[in-house]
Amino acid sequence: MKTISITAIISTVVLTALPLTAISHQQGDLIVRAGAATVDPNNDSSLIYAAGAGLAGTGVGLNSDTQVGITVSYMLTNNWGIELLAATPFEHDVAAQGLGGFGVSTLGTVEHLPPTLSLQYYFTVAAKNFHPYVGAGINYTLILDESLSSEAKTGLGATSMDIDDSVGLALQAGFDYELDKNWMINVSVWKVSIETEAKIVTSNAFNPITVDLDIDPWVYMIGAAYKF
């Protein structure tokens, strides 16, 4: 799996390049991180189905979006922590492929929140200001709103769109770099499993229009951190 390989590479580089001598964060530390978070979808979908029949050459995709990301980590021990990822809502256009004959290039937009709870392991390294970590956990993608495009309403006779919430695994890697006792720079990346279905209700023979979405985005965040 691509994500596991990347996480393993980061871990191997950290462990082989830096001798394990110094302690990173301490048990009981509370670390708040905030910065720019980008959700970059993988955009793998099934065919678009109309009234149960797959339409050859069709599919959908979501564009990237950047919002304010916030994480809160609590150190259970000097090396183990637990983290909650939150953010302001992300919004993506739902682009359609293969529906040009109906005058449809965009089905609409979707707004969501991707809270993720992870167990983290912080490596003990010689560079006292550098604190690398990896993590694994559960993501719950909460769909807040779906809006149809005017193209979908006119070309497909669409009246509503519904996208299911999703629960999936998440893997993470990142590091903190201390500027002083409390302030740090943070860089982190997640690979999140998001598999869901979009359903569009129409007022004609196309009803219903459905498509399976394997969004599986990369999530990147860079920002500042404060350790209490």
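The values are calculated or read from the model by the stated rules, or taken from the named source; none is laboratory data. None of the values given here were measured: they were computed from a predicted structure. With ideal geometry, Cβ positions are generated from the backbone for all residues, glycine too; neighbour counts draw on all protein chains shown. Accessible surface areas use protein heavy atoms only, side chains included; no ligands, DNA or RNA. Shrake-Rupley method; radii C 1.70, N 1.55, O 1.52, S 1.80 Å.
Structure notes:
- Non-local Lys pairs in the chain, i.e. 8 or more apart or on different chains, that have alpha carbons under 24 Å apart: 5
- What segment 57-110 shows is 41 Å² of accessible area per residue, with the surface traced by a 1.4 Å probe over protein heavy atoms.
- Calculated log10 I(q)/I(0) by the Debye sum over Cα atoms at q = 0.09, 0.12 Å⁻¹ (choose from (i) -0.50, -0.84; (ii) -0.44, -0.69; (iii) -0.44, -0.77), label: (ii)
- Within-9-Å neighbourhood charge of A198 [Cβ basis; K, R +1; D, E -1]: -4
- Only protein heavy atoms count here; on that basis, with a 1.4 Å probe, V94 has an accessible area of about 10 Å².
- Contact order relative to length of the chain, as percent, for alpha carbon pairs under 8 angstrom and 6 or more apart: 24
- Neighbours of E111 by Cβ distance under 9 Å: Lys/Arg scored +1, Asp/Glu scored -1, total -3.
- Solvent-accessible area assigned to carbon and sulfur over the chain amounts to 61 percent, based on a 1.4 Å probe.
- Cα long-axis angle, helix 2-17 against the chain (0 to 90 degrees, to the nearest 10): 20
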